[in-house]
Structures are given as C-alpha cells and as structure tokens.
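One structure is given here, and the rest of the page talks about it.
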Amino acid sequence: MKRVLIANRGEIALRIIRACHEEGLEAVAVYSAADRSAPYVRAAHRALPIGPAAPSQSYLSIDRLLAAAREAEADAVHPGYGFLAERAAFAEAVERAGLIFVGPPASAIAAMGDKTEARRRMEEAGVPIVPGSSVPAGDLTAARDAADKLGYPIMVKAAAGGGGKGMRVVDRAEALKGALEAAGSEALKAFGDPTVYLEKFIERPRHIEIQVLADRECTVHLGERECSIQRRHQKLVEEAPSPVVSPELRERMGSAAVAAAQAVNYRSAGTCEFLVTADGSFYFLEMNTRIQVEHPVTELVYGVDLVREQLRIAAGERMRIPSSRLQPRGWAIECRITSEDPANNFLPSTGRIEYLRVPAGPGIRWDSGVDVGDEVTLHYDSLLAKLIVWAPDRAQALARMNQALEELVMAGIATNQAFHRRLMNDPAFRRGEMDIQLLERRHDLLLPLQSGDQIYELAIAAALAEAEARQSRVPAVTARGELQSEWARLARSEGLR
Ligand code: MV4
C-alpha cells in the first residue's frame, strides 16, 4: 500500500491525510466544486476534482470516486465517516476494483447495517441486547401480543434504520397501530425498507460507546466514550472515560464489544453503541462500522492513533497496541464547534470566516476543516471543527476546555460556542450527571448568547462600539436592555484582531 485516496472532505479528510503522511503513504484528496480551496485539498499530495457541490454527484458517487482512484493510481480508499463509509456496496466496489478498503469487510458492514440481523448475531454471541421482538409485516395481533409481553412503553424501530429515523415511542396499546404505520412508512421513505421491530423503551439512559480495533489476529477494546450530550441525534460533546463507568463495568462492556466485533469477523476500527441505565445495566444498540467523529477523545486517553492503526491493518500489518498500554490515562473532552445558530433554532448559518483565533497550549487539540477566509455553505454538514482537550483528571479537563473556549474566536458566522461555554460551567454536567434527554429538559443551555456569557468579549465590544461610534465609522449602538449577540460578534471581528 503506497497511495491512499480519501473519499471524504473537511476535518476528517485532513485528519486522514496527516495520518497517511506519518505512515509514509501518499494521500490523494478528492474535492467538489465547493471545496476547491479547502485546507484538506492543499494538504494532500495530489487532489482531483470529482464533480459539483451536490454530494450525490461528488462524495456519494461511487463511479466518480473510483475513476479518481484509477486516475491517481491509488491502491487504497479511506471512506472517513458519513457519505459512503457504511455502505457495504461501496466497500465491495472498492475491492472489486482491485483496491484496499480502509475499513471493515463489506460483510461486517452489511451484517451490522441490518438492525434485526445485528440483534440476532449479538444475541448468539452473548452480547446483551434490549429485550425486543420482530414484527411480521401487517400482523397487528402479533405485534400487540409482543408489545404486551415486553410491557409499555415500547419503541418501534426500523430494521434498516439507525441514527433515529423511523423510530417511535409507544406508551399504550391503543397507540401501537399508528406508530407501526408511521415508523413503517418513514422507514420505507428513508431506507427503502418498511420492516420494523419492537424494543422495550429504555427511559433516560446514557449513551456510552466502546471503541474496538481488530487486525487479522486480534480484537481489542479501547474503553468507552460518554456521548449522552446530544440534540436530535447529533452529538455535541463527548468525553473519555465516562464519569459513571468503573474499571469493572469497562471490562464487561469492553468484552461485550469485542464479542460483537468477533461475531461479524470485524477488522479495522469500529464502535459499539450501548444504552446504559442508572443501575449500570447496558444494552447493545448498534455498531458503527467506521472511524467516528469523536475518535480523538479515545486517542488522547489511550495514546493510540486510530487512523494510523486503520491504515496499518488495511495494509495487512499488525496493529501496534501493546496490551499493557490499554488503560485510560487522564481525561479527554471534545466540543463539536458547528455553524448552528442558537439564535435561529440551531439552523445552520452561512457566511465567511472573517477572523479565526485557534486555542493553543498544553493538552489542546484542534481538528478543523476550515481556515480564515473560507466560505461556510449549506452543502455539507455543519461541523466546522472539533476542540479536544486532555488533562490528568476531569476537573482539570473542564478547566482546560473553558480556557480553550475563552481563547477561541470564530467570527463572520454564527456558531454554537456559547452553548459549550454554558455546558462546561453547568453544575449538573460538572457533576457528571447526564443522560440522552438532558438537552431536551435544559433549554436554558441552548439559549442564544446573553448577558453573563463571554463577558470580556461583550465589555470589549461595548468599548469598541462606543469608540467607533465617536468616529462615526459605524452607527452608534443603542441600549437594548440585554446585551445582544451582535456585540459579541463585533468583539470577535474587530476587538481581538
Ligand atoms: C433506544 C432508546 C431507548 N430505548 N432504544 C436512537 C438512535 C438509535 N441509535 C437508537 N436510539 C435510541 N434507541 C430503546 N429501546 C433511545 C434512543 C435514543 C438515543 C440513543 C442514543 C443516543 C441518543 C438518543 C436520542 C434519542 C433516542
């Protein structure tokens, strides 16, 4: 293996390019018309255009990606996350073209992609799954009986689903028929398959996932990531380890994840998602057969470069994981900095990054796909950058993240930075108390910027606005009662230059 084509964009493309270079591999980037001058394109050995901005005609086009791989004479393809990363058909097509797929075998992707098939295989392998039952198509009586046995509330889920689509909670028998129909038609629309199944609904669980890594001889786990801080199935903050996972629970969940991976002959990096209840019970949900957005927190506490290990494993080498090192050390937290605007119901904002000050210092990692001057468009995911910190313990990691968020200045577009600052200072979060519904209960954490937030920036903004008003370069700022987010924006674009 000498040359790897990266079938992705943004921060993960750059992350993979760096890993390729460190492994002595050439990296070939592909880019859509919207990404011509993106940082990852400049970082690669070579970059090839693959089509217009629309993903269907660029990053999701198997034909165009394979044509680029041929053109560049690449011998491997790394899919990153999202786009084609979990399409068994893509892994197959890559291999049929005589190239190495940097990821698991297509058969493992397919087995884990079918949720009912995955449940069967996990049960066989002794991995705890949520009590549940398949539903024969159209047989409402059978569904009623199955739901009664499980006991309400139950959840109706799409067999082809994942990530929250085609899911319904049902709290009583009378609502079952409607939920089956709604979930079924949503599943048909989203996945082309209306098959649904039932599960006991787990109330207020945590979402904790286990990282696994497998080469041709060995499968290991690299502990857990706590991923409960999410909104509408989008994770916003992840940490490793989890505040509630003891060494004993880590070993039990880790063993279950290793068994899950072995049951599908897994290779490469992968993640088993679990729901964990307050009493410490855990249930396998699904396996993500890709490198994940939040992989850096695991890298920092385990001292392992997961992307480099993926590359080695794909090349047929053994992973470099001495078992003596497989203990978490210290604490890592990741904040996903997105272009979602809290003042506009978290809809993605657009614009040019007019100013960027990146946090730095001991234990700070900045995995970003954007630079100052870049246009943020609506073509792709709203993730702009991941701010990741490491420190010896959780309290110090929180302090370090606070400092880093204080240093971070991203002007020209709206971001969710204020949310992260508020969360890092929230007493419940600081105590490690969280579950997947936390942000649904705590609307206060999601409010747009207000007085109390970023008080230094606001003070500087006020002074600058006043000075500029006196020079009549900009209109005077009128008092509006509460401080407005425009003040902070002005501070970011002007004050800290
Ligand atoms: C559940 C659940 C509660 N009980 N299953 C959401 C996406 C998909 N991966 C599975 N999901 C859930 N399955 C049972 N039986 C709650 C969720 C869920 C969730 C899970 C993980 C992370 C965030 C979530 C947000 C809402 C619901």
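Note on Asp279 and Asp393: their simple-model spin labels are 3.1 nm apart, each label 7 Å out from Cα toward Cβ. With a Cα cut-off of under 24 Å and a minimum spacing of 8 residues unless on different chains, the lysine pairs in the chain number 23. For trypsin sites (Lys or Arg not before Pro), the sites in segment 15-80 that DSSP calls loop and that have at most 15 other Cβ atoms within 10 Å are Arg36. Counting only protein heavy atoms and a probe of 1.4 Å, the accessible surface of the chain is 49% carbon and sulfur. Where does the longest stretch of the chain lie that holds no GluC sites (Glu not before Pro) found in a DSSP loop with 16 or fewer other Cβ atoms within 10 Å? Free of exposed loop sites, the longest segment is 74-202.
Relative contact order for the chain: 12 percent, from Cα pairs under 8 Å spaced at least 6 residues apart, divided by residue count.
Sites listed here are trypsin sites (Lys or Arg not before Pro) in segment 88-192 whose DSSP assignment is loop and whose Cβ has at most 16 other Cβ atoms within 10 Å: Arg172.
Looking at segment 197-274, the trypsin sites (Lys or Arg not before Pro) that sit in a DSSP loop and have at most 12 other Cβ atoms within 10 Å of their own Cβ are Arg216, Arg232.
Shape class for segment 311-434: oblate, because the ratio a/c of the largest to smallest gyration tensor axis (alpha-carbon atoms, square roots of eigenvalues) is 1.5 or more and b/c is at least a/b.
One quarter of the surface of the convex hull around the alpha-carbon atoms of the chain equals 24.3 nm², the direction-averaged projected area. Computed with a 1.4 Å probe over protein heavy atoms only, the accessible surface of the chain comes to 42 Å² per residue.
The values are calculated or read from the model by the stated rules, or taken from the named source; none is laboratory data. Keep in mind the model is a prediction, meaning the values are calculated, not measured. So basically every Cβ, Gly included, is an ideal-geometry build from the backbone, and we count neighbours across all protein chains shown. Just the protein is used for accessible areas: all its heavy atoms, side chains included, with ligands, DNA and RNA removed. Shrake-Rupley method; radii C 1.70, N 1.55, O 1.52, S 1.80 Å.
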